[in-house]
Amino acid sequence: MSDPVLAEGAIKKSVPQTEKGTSLWQDAWLRLRKNTFALLGLGVIVFFCIIALLTPYIAPYGYEQQNLMLGAVPPSAEHWLGTDIFGRDMLTRIMYGSRVSLMVGFIATGVALIIGVLWGTIAGYAGGRVDAVMMRLVDILYALPFMIFIVLLMVVFGRNILLLFLAIGAVEWLTMARIVRGQVLSLRRQEFIEAAVSLGLSRWTIIRRHLIPNTLGPVIVYTTLTIPSVMLLEAFLSFLGLGIQPPQSSWGLLISYGVETMEEYPWLLLFPGLALSITLFALNFLGDGLRDALDPRASRN
Amino acid sequence: MMRNKIFGLTVLTTTLLITTLLMGGCSGGENNVTTGNRDGILHWGNGTDPQELDPHIVTGIPEHHILTALLEGLVAKDPATLEPVAAVAKEWSISEDGKTYTFKLRHNAVWSNGDPVTAHDFAWSWWRALQPALGNQYAYMLFPIKNSEAYAKGEIDDFSQVGVKVLDDYTLEVELNNATPYFLQLLDHYSMFPVHRPTIEKFGKPDERGSLWTRPGNFVGNGPFTLKEWKLFKRVEVVKNPQYWDAGKVKLNGIHFHPIENVTTEERMFRSGQLHHTGSIPIDKVATYKKDKPHLLHTYPYLGNYFYRINTKLPHLSDQRVRQALAMSIDSKQLTEQVTKGGEVPAYTFTPPNTLGYTAKSAFEFNPEKARKLLAEAGYPDGKDFPVTELLYNTSESHRKIAVAIQQMWNQYLGVNIILNNQDWKVYLDSVGNGDYSIARAGWIGDYVDPNTFLDMWVTEGGNNHTGWSNPRYDELILKLAPTIPDRAMRYKLMAEAEAILLEDMPIIPIYIYNSKSLVHPSLKGLQPNILDYVLYKNLSLDPSLSGVNIH
Amino acid sequence: MFRFIVSRLLQAIPVLLVVITATFFLVRAAPGGPFSAEKTVAPEVIKALEAQYKLDQPVWQQYLSYLNDLAHGDFGPSFRYPGRSVDELIAGGLPITAELAFYAMLVAIIIGVSAGVLAALKPNTPQDYVPMSAAMIGICMPSFLMGPLLVLIFGIWLEWLPVSGWGDLPGDKILPAITLGSGYAAFLARLSRGGMLEVMSQDYIRTARAKGLPEWVVVLKHGLRGGLIPVIAFLGPAFAGLLSGSFVVETIFQIPGLGRFYVQAAFNRDYTMILGTTVFFATLIVLFNLLSDIIAVWINPKLRHQLREGK
C-alpha cells in the first residue's frame, strides 16, 4: 500500500511549540487518560501481551499435540475454540500464535517506524541533492522484485526469525519515509522552525524537538494500519519459507489455513480472524487517541 | 437530515452506475455446463497454463491433455484396459526377438489441412524430436529406438543409423536396442506424436523453439480436434476436426481447456457449473464430497508414488537401521485415512502394486516397536542425541499437512525431533538436486506402465536418484540383466529382486500410492478410469438432459 | 514547476538503471534455474536450452546485450513460454489489470469517500463510528479472505454473480473489483474523514452557510473540493500499488492479468519476464510517485514558493 496519510498531514498546520519535549509527553498522557476508547484499546493490547507472555504456563494443551483420530471438531467443553484437522486445540494454537504475531507486528513495525521516520525527516529537512538521492533510493527499493529478494535472503542467511523482521522492515519503512518527508517539507519553512534556526539551535535539536513531534499524527495513524498488514505479511513470508515453520503457528498462518476450510470448519477461520480484528480495532482506538493527545492544537478543542 | 438523504441518493446512483458499467452487455446468466451441453462443448479444468503446444518441447500434464486432443500417434490406448489400440497405424507386427516393429499406416488418416499422414511424417517428426538444439526434455522417450540416444547426444550425426526406416508411404519399420515390452505404450506419449512438416518449415527452422506454428490459425494437426483459440492464462479452445479419419465417432463439438492453478478456485467453478471436469480437488473437500455428493467425486489409483527421499550421504542417515526406523514409524494407514482422506493406498513398495502384473514383495511395515529397537541399536535410544534433521518439502497445503502429521509420528514413536522446512518449488528442486537436504518429500509418476519406470531411477548416480544411494547388485539387475530378458515373468523376477534390495536399504520411504481425484458433472459420459488418468477425448459425450442436475 | 518535473524525469533514468541492474543480478543469483524440473533434465538438453537463450555467455555480456535490447524496446523472449516475447505477454495482461485496478479504485473511492464524508459530518456520533468501523473491516480482511468469502456468499450460496472469469459472463467483474478495492476503501475513508473535518471548520464554509446556502450545496460544492485533496494525492501511488498488487485477486478469480504474470515469473525463474515486469512496474512507480509529489506541491502554496526560489 502507498501513502494514505501523506497528504492528511500535508494540510495540517502546526503551531509553534514552546513546551519542552518532556512536557509534550506528560500533556499527552493527561489528555489520553480522558479518552475512554483509547484506554480501552490500550487495555486490550496490554491484556493480549500478558496472555502471550504467560502462554507457556497457562495454555490448556501443547501447540503441537495432535489427535488424528479426533480430527477437527467444533468448540466444546474440552476445546473451547474447537480443534483443527490434526485434532490440535485451537485456543492453544491462537495463544501461541499471538506470541509470534504480536512480536512480529510490534518489532517489525517498530523497525520500519524508526528507519522511516529518520530517513524521511533527514531527507525532507536536508532538501536538495541529499533529498533527491535519498528518495530515489526509496523508489528503487519500491521497485525491486520482493519475492526474489526474500528467496535470496533465505539462501544467503538461512531461516531465522531476525530475517523476518529485516524483510518486513525493509518494505514497510519505505512508505513511512515518504509520509514523513512530505510532512517535514511542509513544516520546514514554517515560522516556528525558522525561529528555531535563528535562535541558533543545532540541526539535530530542531529535528528531534520540533520536526519529529509534529509529524507524529500521520505517523501514528499509519503505524496502526501497518501492524495488522505486517502480521498478514508474515504469513506470506512463511509461505515462501522465510517465516516460522509448522507446528508453530501465527495468526496470519491460522487465518490463511482457515480460509481453505472455511466451509467445512468455519471455527478455524473465525477465531484467529477475531483475534486479529480485535487487535486492529484496539490499535486504532489507541492510535486515534494518541494522535489527538499529541496534536499540538488539541488544547483548542 | 436533508444532507444525509442527498448523500444516500448520490451513493445509490453512483453505485447503480458502476454496477451497470461492470455488468457490461448483460445477457442471461447461463453457466458453462448448460450452454456446453447444448452446444456439445466440454469444459475441462486443466491445471497450470500450457507453456507451449509443440509436442517436442512441452513437459507437463496439462499440455498432454490438450495435445492428445490435437494430435494422434501411431498407436493409442484403450482407456479401460490400457491395451494398445489402432490409431494412425491400423495394424503392426513384432519380430520374434521383439526388437523390430513394423507399422502399417491407414490410408485415410489426414492432417487437418487435407494432406495425408504418411510414414515419412513419423520419421521426420522423430528426427526432429531428437534434435539437440530443440531442447526436448522428453527425448529420452525415444531412446529405446536403436542409436537414437547416441544421435540425440550428438555422438553420431547420421540419422540413417537410427532404427527408423520408411519402407513405403504407409509402412514404417522401427528397430529397438532391446526387446522393450512397453514400447507400444510409449507411442501415444506426445514426444512420439507426428508434426506437420510443411507447417513447421513455413514458420521457422525444424529445431527452432517457439516458432509461431503452434498458434491458432497456423496449427495443423491430425487429431480428433483442431486448435481454435489459445488465450494465455485464460483458456485453450479446440473444435472437432471434420478431416479426422474417425470423425464419425467423435461426439463432442469442442473442448475448452481452462487453466486453473488454484484448486480451490477450480472447485468453486465446478460448483457453480463452469466446469464439467476438474483436474483435482482440494484436500479438505474430499471428505465432504465423499459424504454428501459421492456421485460427483471420482477417485482412482494413479501410477505414482508419494515418498520421502533420505540423504544417505549424511553420517546419521547413512545407517540403514536409522532409515528403517524412520520408515517403520510412519503410520501411513492413519495418515491416508485421517489426513489425505482421498482413498490413497498406503505404500509399502515403491512400484505401485499390480503394475501390469508386477507386484513387489513388501519388505517393511508399520511397526513402531521394531523401529524403536532399530534406532536404539543405531545408538539413539528413545531418540536421544539424534542429530538435527530437517524434513524438506515444496510449499503446498497437502505436503505441509502430511509433513506435520509425520513429524508428530516420529516424535511420538521414536522420540526424535524433526524440523520442517518448506521452500518454493525451484529452490526445493535445487536443494534436492544438489543433495542439500536430510529428508525430502518427493513424488514419482510412471512414464509408462512397467516397473522399469520406477526402478531404473535408483541406479548409481541415476539422474533422478539424488539420495546418494548405490548398490552394485541393484545396478547389475536393472541395467544389465533385466533389459535383455524377453520373457515377462523372468524379467519381473529380476526386477522384484532389485526392488527388494531397494526396500531393504531404504534410501526412500514410500508413503502412499497416488490417487487421481476429480469432480465430474453427471452430464459428462464416457470417462473410463485407469491408472494413467488417460483420457481418450473422442469417447466422451455430453448429455443435455442432465444439465440441470443439482450439484450443490 | 516545469523544471521540477524535468529534473525528476531525468532522475528516473539512474533509478531505472539501478533497478534493472540489481534485478538482473538478483534473479541470476537466486537458486533454481528456469529449466529445472522434477524429472531431471538431461545435461545436453540444458546446454542446448542455455545456448538458445544465451545463458552460456559470460554474465556481463548477457547484461550488456539485455540493456542493448531494452534500449530498442525489446524485453526479450520469455523462458517459460517458448515463442512468446515478454512484450507480448505484458501487452496481453496490462489492459486487463489496468481495467481491474480502475474498477477497484472506483469501488474504493465510492465506498471510502462516502464513509469518510458521512463520518466527518457528525464526528463522534454513531454516524461516525459505524461507517468507520465498517471501513476498518476492509483492512482486517486481506484479499485472500475477502475474495473467497464474497465468492461463497454471492457466487455459490446466492448464485447472483459468477465465481470467476473476466469478461466472459455478465457481472464477473464485480466481485474482483470489490475484493481488490475494499482494502483501499478503508484508507480512503480515513483520509477523507480527516480532510473533511479539517475543511468543514474553515471560515469559508462558515461564510457559505451564513449566506443561507442549502447544506448539501455547502457540503458537495465547497466541502468536498477542499476535503478531498488528500484523497487525490493518495490516488497516484495507490493506483501503482493496485496494478502490481493484484496477484491474489487475479489468482482467486482466474483473471489473466499482469499481477499473476509478475508473481508466476518469479516462481518459474523466468528471468526475462521477471525483469520485464519489474522494469515496467518500476516505471509506473516512479511516474505515479512523481505525480503524487506534483499534486502535493500544487496544493501546498508554500512548497510551490520554495520550488520557485529554486531551493
Q. Which of (1) surrounded by fewer than 20 Cβ atoms within 10 Å (Cβ to Cβ); (2) at pLDDT below 95 is the odd one out, the single condition residue B:239 does not satisfy?
A. (2)
Q) Taking region B:381-397 as the region of interest, how many residues are over 36 Å from the mean Cα position of the chain (by Cα) and free of Cβ contacts under 8 Å to residues at least 60 places away in the same chain? A) 5
Q | Long-range neighbours under 6 Å by Cβ, at least six apart or interchain, first residue in contact (Cβ under 8 Å) with a residue 12 or more places away in the chain within region A:111-135, second of a type in the set (Gly, Ala, Ser) and assigned to a helix (DSSP H, G or I) | A | A:111/A:169; A:112/A:169; A:116/A:177; A:119/A:177; A:120/A:177; A:131/A:123; A:134/A:123; A:135/A:123
(Q) Quick check on region B:203-218: of everything there that is touching a residue at least 12 places away in the same chain (Cβ under 8 Å) and in contact with a helix residue (DSSP H, G or I) (Cβ under 7 Å, 6 or more places away or on another chain), which residue is farthest from the other protein chains (Cβ to nearest Cβ)? (A) B:206
Q: Evaluate the following for residue B:160: is it within 30 Å of residue B:242 (Cβ to Cβ) and of a type in the set (Ser, Thr, Tyr)?
A: no
(Q) Of all residues being surrounded by fewer than 22 Cβ atoms within 10 Å (Cβ to Cβ) and hydroxyl-bearing (Ser, Thr, Tyr) in region C:82-113, which is farthest from the other protein chains (Cβ to nearest Cβ)? Just the residue, please. (A) C:85
Q: Determine, yes or no, whether residue A:246 is surrounded by fewer than 22 Cβ atoms within 10 Å (Cβ to Cβ), of a type outside the set (D, E, K, R) and in contact with a strand residue (DSSP E or B) (Cβ under 6 Å, 6 or more places away or on another chain).
A: yes
(Q) Given the criteria closer than 20 Å to residue A:185 by Cβ, at the interface with chain C (Cβ under 9 Å from one of its Cβ atoms), assigned to a helix (DSSP H, G or I) and not hydrophobic (A, V, I, L, M, F, W, C), does residue A:125 qualify? (A) no
Q: Could you tell me which numbered condition residue A:159 fails, if it satisfies all but one of (1) closer than 30 Å to residue C:273 by Cα; (2) touching a residue at least 24 places away in the same chain (Cβ under 8 Å); (3) in a helix (DSSP H, G or I)?
A: (3)
Q) Given the conditions (1) at pLDDT 90 or above; (2) among the small types (Gly, Ala, Ser); (3) at negative phi; (4) surrounded by fewer than 21 Cβ atoms within 10 Å (Cβ to Cβ), which single one is not true for residue A:87? A) (3)
Q. Among A:203, A:136, A:178, which is crowded, with 22+ Cβ neighbours inside 10 Å and of a type outside the set (S, T, N, Q)?
A. A:178
Q | Residue list for region C:13-41, filter: farther than 21 Å from residue C:266 by Cα and either surrounded by fewer than 19 Cβ atoms within 10 Å (Cβ to Cβ) or of a type in the set (S, T, N, Q) (or both) | A | C:13, C:14
Q: Say whether the condition of being of a type in the set (Lys, Arg) and not in a helix (DSSP H, G or I) is met by at least one residue in region B:463-473.
A: no
Q) Looking at A:147, A:135, which one is within 10 Å of another protein chain (Cβ to nearest Cβ), within 24 Å of the chain's Cα centre (by Cα) and either at pLDDT below 80 or not in a helix (DSSP H, G or I) (or both)? A) A:147
Q. Could you give every pair whose Cβ atoms fall below 8 Å, whose first residue belongs to region B:495-513 and is over 13 Å from residue B:351 (Cβ atoms), and whose second residue is part of a strand (DSSP E or B) and among the hydroxyl-bearing types (Ser, Thr, Tyr), counting only separations of at least 6 or pairs across chains?
A. B:509/B:308; B:511/B:306; B:511/B:308; B:512/B:306
Q: Tell me, yes or no, whether region B:494-512 has at least one residue that is at pLDDT below 95, surrounded by fewer than 19 Cβ atoms within 10 Å (Cβ to Cβ) and part of a loop (DSSP other than H, G, I, E, B).
A: no
Q) So which of B:470, B:523 is in contact with a helix residue (DSSP H, G or I) (Cβ under 8 Å, 6 or more places away or on another chain) and of a type in the set (Gly, Ala, Ser)? A) B:523
Q.
Considering only region B:364-384, I want to know if a residue exists there that is surrounded by fewer than 16 Cβ atoms within 10 Å (Cβ to Cβ) and either closer than 30 Å to residue B:491 by Cα or in contact with a Gly (Cβ under 6 Å, 6 or more places away or on another chain) (or both).
A. yes
(Q) Restricting to region C:1-16, count the residues that are modelled with pLDDT of 85 or more and either within 14 Å of chain B (Cβ to nearest Cβ) or farther than 19 Å from residue A:147 by Cα (or both). (A) 11
Q. Which one of the conditions (1) under 27 Å from residue C:238 (Cα atoms); (2) more than 9 Å from every other protein chain (Cβ to nearest Cβ); (3) under 26 Å from the mean Cα position of the chain (by Cα) does residue A:175 fail to meet, given that it meets all the rest?
A. (2)
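For (1) assigned to a helix (DSSP H, G or I); (2) within 14 Å of chain C (Cβ to nearest Cβ); (3) in contact with a strand residue (DSSP E or B) (Cβ under 7 Å, 6 or more places away or on another chain), each residue gets a yes or a no:
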site: B:59; (1), (2), (3): no, yes, no
site: B:62; (1), (2), (3): yes, yes, no
site: B:65; (1), (2), (3): yes, no, yes
site: B:68; (1), (2), (3): yes, no, no
site: B:80; (1), (2), (3): no, no, no
site: B:114; (1), (2), (3): no, no, no
site: B:120; (1), (2), (3): yes, no, yes
Q. Quick one: is residue A:234 within 14 Å of chain B (Cβ to nearest Cβ) and among the acidic types (Asp, Glu)?
A. no
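Conditions (1) in a loop (DSSP other than H, G, I, E, B); (2) more than 14 Å from every other protein chain (Cβ to nearest Cβ); (3) in contact with a Leu (Cβ under 7 Å, 6 or more places away or on another chain), marked per residue:
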residue: B:85; (1), (2), (3): no, yes, no
residue: B:97; (1), (2), (3): yes, yes, no
residue: B:108; (1), (2), (3): yes, yes, no
residue: B:125; (1), (2), (3): no, yes, no
residue: B:155; (1), (2), (3): yes, no, no
Q) Within region C:17-46, which residues are closer than 30 Å to residue A:133 by Cα, facing another protein chain (nearest Cβ under 8 Å) and not in a loop (DSSP other than H, G, I, E, B)? A) C:18, C:19, C:22, C:23, C:26, C:27, C:29
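Please note which helices (runs of 4 or more DSSP H) are completely contained in region C:126-229 and include at least 3 residues that are farther than 30 Å from residue B:266 by Cα, within 10 Å of chain A (Cβ to nearest Cβ) and small (Gly, Ala, Ser). Show your work before the answer.
Details: elements: C:126-140, C:143-150, C:174-200, C:203-210, C:224-227.
Filter on region C:126-229 gives C:174-200.
The values are calculated or read from the model by the stated rules, or taken from the named source; none is laboratory data. These numbers were taken from a predicted model, which means no experiment stands behind them. Note: ideal-geometry Cβ built from the backbone for every residue, glycine included; neighbour counts use all protein chains shown.
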